[in-house]
Amino acid sequence: MTNIHSTAAQMSEALSEGSITSVELTEAHLVQIEKVDSKVHAFLHVDRENALAQARDVDAKRKSGEKLSALAGVPLALKDVLAQKGVPTTCGSKMLEGWRPPYDSTVVAKLKQSGVVILGKTNMDEFAMGSSTENSAYGPTHNPWDLTRIPGGSGGGSAAALASFEAPLAIGTDTGGSIRQPAAVTGTVGVKPTYGAVSRYGLVAFSSSLDQAGPCARTVLDTALLHEVIAGYDQMDSTSINAPVPQVVTAAKKLDVKGLKIGVVKELSGEGYQAGVQQRFNEALDELVKAGAEIVEVSCPNFEYALAAYYLIAPSEASSNLARFDSMRYGLRVGDDGKTSAEEVMNLTRHEGFGAEVKRRIILGTYALSSGYYDAYYGSAQKVRTLLIRDYQAAFAKADVLVSPTCPTTAFKLGENVDNPVAMYLNDIATIPVNMAGIGGMSLPCGLAPEDGLPVGFQIMSPAMKDDLMYQVGGTLEAALVSKWGKTLLSEIPALAGK
Amino acid sequence: MAGISRDEVAHLARLARIEMSDSELDHLATQLDSILVAVASVQEVAQADVSPTSHPLPLTNVIREDLVRPSLTSDEALSGAPAKVDHRFKVPQILGEE
C-alpha cells in the first residue's frame with residue numbers, strides 16, 4: 001500500500017502501475033500538512049490549488065499514455081529561496097514579504113517539466129544565513145524528533161517536511177551545510193552536488209561562489225532520482241558546468257563498495273564531537289568495511305582554518321549580493337513619504353526588512369572588504385581557500401571518497417545559541433570545507449545517539465564532478481544499516497509523524 | 001588586529017545603507033569583536049606565496065551569443081514594484097530640492 005510513509009521511488013512505481021493517482025497522493029500529503037504543520041512549521045506557504053492542478057495535469061497525461069519521467073506526480077517541498085512564478089518567495093525575510101516572482105528559477109522549471117508536484121515553500125533562516133531556522137522572520141521550524149529542538153538550518157523547513165512525512169522529496173540549498181546539517185539532525189538524506197552541477201538561476205544569492213541547490217529525501221535512491229531531475233548545464237548560470245550529469249541513480253543502486261578506499265578525515269573528529277555521534281560514525285565505518293571497502297586515515301591540516309575563512313568569504317559576498325534589496329524595484333519600501341530621499345528610504349527599509357543575523361553578516365562583510373582590512377581578512381581567507389583545495393587534492397590522492405560526522409553534535413535546543421553567533425557557527429565545522437572547495441557532499445542517517453536518542457548524520461565527500469561516488473557509498477551504507485537495524489531510522493520517529 | 005569600536009560599526013552601517021539604533025550599534029560592536037577574534041586565525045596561514053582562490057571553478061569570460069530572446073514584459077517586470085508610474089519604477093527623490 002502506497003502512503004505518505006512510502007519512499008518517492010515506491011510512489012513513482014505505484015503511480016506508473018496505476019494503483020494510486022497523483023491527485024490522491026498530493027491530497028494525502030496536504031492532509032498530513034494540515035495535521036502536523038501547526039506544530040512543525042515546515043511550510044511558509046502551502047500552494048494547495050497549484051499543487052492539485054499540477055497533479056491533475058500529470059494524471060491526465062498518464063491516462064493518455066504520454067511517457068512521463070520517473071518522479072512525475074510525486075509531491076515535493078521547495079525551499080523558499082528559489083523563485084517560483086506567481087508563488088510567494090520570501091527567503092524567510094520581511095524584505096520580500098508578499099513578493100511573487102515573475103519567473104521560474106531553473107530548478108523549478110526542471111521540476112515542472114518532470115511533472116514533480118510542488119506542494120509549497122519551506123521555512124528557512126533569513127536569506128539562508130543560519131544553522132537552526134531560528135533566523136526566519138516568520139518564526140522557527142521545530143524538529144519532528146523533538147519539537148523543542150532545532151531542525152537545522154538554513155534548510156530546516158525542507159528537512160522537517162521530510163521527517164514529518166509532509167513530503168517525500170524536497171529541495172534545499174547549501175552554502176556552508178544548509179542541506180547536510182538539517183538532514184543530519186532530522187534523520188533524513190541531503191546532498192550538496194558539486195558546485196555548478198545545479199543551476200543557480202533564480203536561486204536568491206547569498207554567497208555566489210559557495211551556493212549550491214541540491215536534493216533532499218528520506219533515502220539515498222530518492223535523492224539520486226531528484227538529483228537527475230534538477231542537475232545539468234544551464235546557459236542562464238555562467239558558473240554552470242557544461243558536462244554530462246554523473247549517473248547517480250545507477251550509482252545509488254549499485255550496493256557495492258568492494259575495492260573502494262574511504263578516507264576518514266582525522267581533523268573532523270575528537271574534541272567538540274559528541275561521544276554518541278562519534279560512536280555511531282565509527283559503527284557505520286565498520287559496516288563499510290564489512291561491505292568490502294578499505295578505510296584509510298587522511299589528514300587535512302588546514303581544515304582548522306576553514307570556518308574562519310568561511311565566515312569572512314560568505315559575509316563578504318553576502319554584503320555585496322544583498323545590496324540589491326534597495327526598495328526601488330521590488331520588495332519592502334519604508335518611509336517613502338514624498339519628502340524623504342532615496343538613500344534615507346534605503347536606510348530605513350534595510351533597517352526594518354533585515355533581521356539581526358543578516359545585518360550582522362552584512363556589516364561583517366562590509367568590514368572585511370573595506371580598504372585597510374581587505375588583505376588581512378578577505379584576502380587571507382581566499383588564500384585559506386587555496387590551502388583547503390590542496391588538502392582535498394592530497395586526500396583524494398589516497399582515497400576515493402572522504403567521510404566524517406556531518407555535525408559535531410545532535411540537534412540542540414531552540415534558543416540555545418540564538419545570541420551566540422560563534423557557537424552557532426561551530427555547528428558547520430565539518431560541512432563548510434566542502435563548499436569552500438566546490439566538491440560534492442552528502443549526509444545520511446547512521447543511527448540515534450545513545451545519550452539523547454537523536455539522529456546522527458554521516459557525511460560522504462566526493463571529488464568535483466564525481467557525485468556518483470558518494471551515492472554509491474551512501475546507498476551501500478544505507479542498505480547495510482537498514483538491514484542491521486531491521487527498519488529505517490525514521491520508523492522510530494515520535495507519534496507526530498502519524499505512526 | 002581585532003577590536004572594533006561603536007563608531008566604526010556606525011560607519012559600516014552607513015556604507016551598507018542600514019539605519020541602526022544606538023542599542024543595535026552597541027550590541028553589534030561587541031559581537032563583531034568576538035567574531036573577528038574567531039576569524040583572525042586566517043592570517044596565521046595566509047603566506048605570501050599562496051595564491052588566492054575566489055571561485056571553485058576555473059572559468060573566465062563566460063559569454064553567450066548576442067541573440068534576441070523572449071524576456072519579461074514591462075508589466076511583469078513592474079509586478080513587484082513598491083511604486084510605479086505608467087510603465088516605470090517610481091523612486092523617492094535622488095537629488096536635493098534646489
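The values are calculated or read from the model by the stated rules, or taken from the named source; none is laboratory data. This is a predicted model, so every value here is computed, not measured. All Cβ positions, even for glycine, are placed from backbone atoms using ideal geometry, and neighbour counts span all protein chains on display. Remember, those area values only see protein heavy atoms, side chains included, never the ligands or the DNA or RNA. Shrake-Rupley method; radii C 1.70, N 1.55, O 1.52, S 1.80 Å.
Look at the stretch B:77-83: the mean tally of other chain Cβ atoms within 10 Å of its residues' Cβ atoms is 6. Other residues with beta-carbon under 13 Å from the beta-carbon of B:Leu32 carry, at +1 per Lys or Arg and -1 per Asp or Glu, a net charge of -2. The H on the amide N of A:Gly172, modeled in the peptide plane, is under 5 Å from the matching H of A:Gly214, A:Cys216, each at least 5 residues off or on a different chain.
Just tell me, in residue order, which DSSP H segments of chain A are both 30 angstrom or longer along the helix axis (alpha-carbon based) and at least -1.0 in mean Kyte-Doolittle hydropathy. None clear 30 Å together with a mean of -1.0. Computed with a 1.4 Å probe on the full set of protein chains, the accessible area for B:Arg64 sits at about 110 Å².
Provide the net charge surrounding A:Pro445, with neighbours chosen by a C-beta distance below 10 Å and charges set as Lys +1, Arg +1, Asp -1, Glu -1. Here the count lands on +1. What the phi angles of region A:250-258 give under the Karplus curve with 6.51, -1.76 and 1.60, with θ = phi - 60°, is a coupling list of 4, 5, 5, 8, 4, 6, 7, 10, 4 Hz, glycine and proline written as x. Please grab the % of Cα pairs in region A:227-343 that end up more than 21 Å from each other. Taking all Cα-Cα pairs of region A:227-343, the fraction more than 21 Å apart is 70 percent.
Here's how it looks for B:Gln93: its modeled amide H is under 5 Å from those of A:Ala342, which are all 5 or more places away or on a different chain.
Positive end of the dipole of region B:1-86 (Cβ unit charges, origin at the Cα centre): among B:Val85, B:Met20, B:Ser71, the Cα lying farthest that way belongs to B:Ser71. Region A:373-454: percent of C-alpha pairs farther apart than 21 Å? Tail of P(r) above 21 Å: 47 percent of Cα pairs.
Taking 23 Å as the straight-line reach from the Cα of A:Lys413, the lysines in range (excluding those fewer than 8 positions away in the same chain) are A:Lys39, A:Lys79.
Magnitude of the charge dipole for the protein assembly as shown, about its Cα centre and with charges confined to Cβ atoms of Lys, Arg (+1) and Asp, Glu (-1), is about 1320 debye. Largest accessible area first, the listed residues A:Ser69, A:Ser207, A:Ser38 line up as A:Ser38, A:Ser69, A:Ser207 when surface is computed with a 1.4 Å probe on the assembled protein chains.
Binning the C-alpha pair distances of region A:344-397 at 5 Å intervals from 0 yields a P(r) profile of 5, 17, 14, 15, 13, 13, 10, 7, 4, 2, 1 %, listed from the shortest bin outward.
If you wrap chain A in the convex hull of its Cα atoms and look at it from every side, the mean projected area works out to 22.4 nm².
A:Tyr138 sits among other residues whose Cβ lies under 12 Å from its own Cβ, and their net charge, with Lys and Arg +1 and Asp and Glu -1, is -3.
Scanning residues 5 or more positions from A:Val74 or on other chains, those with amide H under 5 Å from its amide H are A:Val117, with H placed 1.01 Å from N in the peptide plane.
Counting heavy atoms of the protein chains alone, A:Leu322 has an accessible area of about 0 Å² for a 1.4 Å probe. How many percent of DSSP beta bridges within chain A run antiparallel, rounded to 5? Percent antiparallel among DSSP bridges in chain A is about 65. How many percent of the alpha carbon pairs in region A:129-277 exceed a separation of 25 Å? For region A:129-277, the share of Cα pairs beyond 25 Å comes to 35 percent. Rolling a 1.4 Å probe over the protein heavy atoms of region A:354-477, with every protein chain left in place, gives an accessible area that is 55 percent carbon and sulfur. In a reduced charge model with +1 at each Lys and Arg Cβ and -1 at each Asp and Glu Cβ, region A:219-286 shows a dipole moment near 300 debye about its Cα centre.
Here the Karplus relation 6.51 cos²θ - 1.76 cosθ + 1.60, evaluated at θ = phi - 60°, turns the backbone of region A:192-207 into coupling constants of 9, x, 3, 4, x, 6, 10, 4, 9, 5, x, 8, 4, 6, 10, 10 Hz, with x for every Gly and Pro.
Solvent-accessible area of B:Val50, all protein chains in place: 10 Å² (probe radius 1.4 Å, heavy atoms, ligands and nucleic acids excluded). Peptide A:358-367 has a mean of 6 when you count, residue by residue, the C-beta atoms of other protein chains within 10 Å of its C-beta. Ordered by residue, what ³J(HN,Hα) values in Hz, to whole numbers, does region B:48-65 give under the Karplus form 6.51 cos²θ - 1.76 cosθ + 1.60, where θ = phi - 60° and Gly and Pro are x? Those phi angles translate into 4, 7, 8, 7, x, 10, 9, 7, x, 9, x, 9, 9, 6, 7, 10, 10, 5 Hz. Distance from the Cα centroid of region A:103-161 to that of region A:424-474 is 18 Å (rounded to whole angstrom). Take each residue in B:55-63, count the other chain C-beta atoms within 10 Å of its C-beta, and the mean is 5.
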